[in-house]
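A.B. asks: Questions regarding the structure given below will be posed in turn.
Rule-based calculations on the coordinates, nothing more; no lab input. Remember, it's a predicted structure, so these values are computed and weren't measured experimentally. Positions of Cβ are generated from backbone atoms using ideal geometry, with glycine treated the same way; all protein chains shown enter the neighbour counts.
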Amino acid sequence: MWKSMLRIDIPLKPIVAGVCALLLSACTALPPQETPTAAERSAPAVSPMPTVTPTAALPTPPRCDRGQGGEVERVTLHSELQGLEYAVSVYTPPCYGEEEGVTYPVLYLLHGQNMDDTFWLSLGAAEIADELIAAGGRPFLMVMPQEVKNFDPVEESHFDASILNELIPWVEGHYRVCAERACRAIGGISRGGGWAMRLAARNFDTFGAVGAHSMGLMQGDAWQIQKHLETRSLEEYPRIYLDRGEDDFLYEGIDYFEEILRENHIPHEFHINPGKHDQAYWQAHVGEYLRWYAAGWEGRSSTVDK
């Protein structure tokens, strides 16, 4: 069982000043007939993370045999880009930090509307991570930020800019995490799934894996994901996982996005399971999600790169 630590307040200043304007879109399913605007076609990514040269692989750190679970702490970050404070729940694995010279992969998990940073924990994400690690899997961190104004139009949010330019640099400066693309994964549920796909599609070198669970597709992202084929090979794409319930009301946008991937031969997984767009569906599949993310890190380790 993971242990929850006391809430602490940590001021956060943006690492990158003057972030360029966000690409505008609404958090709704994208009908097949929609096309990106001129601004969508010409605007750059929010602010790409620097490319980090992979370090040489080292043996996986020794397994923690004390029979304990990981820990969860909840911090409050001040976002200048959003002009507000938001909570972040951070899961650290058992025996975190005790292996000298070792860094960990990190999974960023985003929630949907009417949820907060504790939603993934309520689904059992910490306990499942403990089980995967106890079974011999590679230890990893999970970072779960709160989108405070999760009903605001996407073009007014600046949530994605804060993740890229405030949250990720803060995590990589305060925790022993690997700062390589292959070590970063991002996933989300509903609106959070839309954010995850937008961040991965528009910041191609930042995340090595992206999962969109019952995704609320954002306008222009299907176009963006295939545009990379003009300059990138299929082998350079991140790992991609999509899923939805058979009765998910956002099925049209999800299926349209998957069709774009399939028609362009972009590698991905797509699962349609019994269920709706609700907590019962995500509760039934959260174990599958975390196993998929963790599978990308098996046998991977790196030296401390700070």
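A.B. asks: If residue 135 satisfies all but one of (1) without any contact (Cβ under 8 Å) to a residue 24 or more places away in the chain; (2) closer than 20 Å to residue 207 by Cα, what's the number of the condition it fails?
C.D. replies: (2)
A.B. asks: Another question about this same structure. Just the residues that are in contact with a helix residue (DSSP H, G or I) (Cβ under 9 Å, 6 or more places away or on another chain) and either in a strand (DSSP E or B) or not aliphatic (A, V, I, L, M) (or both), please, taken from segment 179-190.
C.D. replies: Here is the first cut: in segment 179-190, the ones in contact with a helix residue (DSSP H, G or I) (Cβ under 9 Å, 6 or more places away or on another chain) are 179, 184-190.
184, 185, 186, 187, 188, 189, 190 - these are the residues of segment 179-190 that are in contact with a helix residue (DSSP H, G or I) (Cβ under 9 Å, 6 or more places away or on another chain) and either in a strand (DSSP E or B) or not aliphatic (A, V, I, L, M) (or both).
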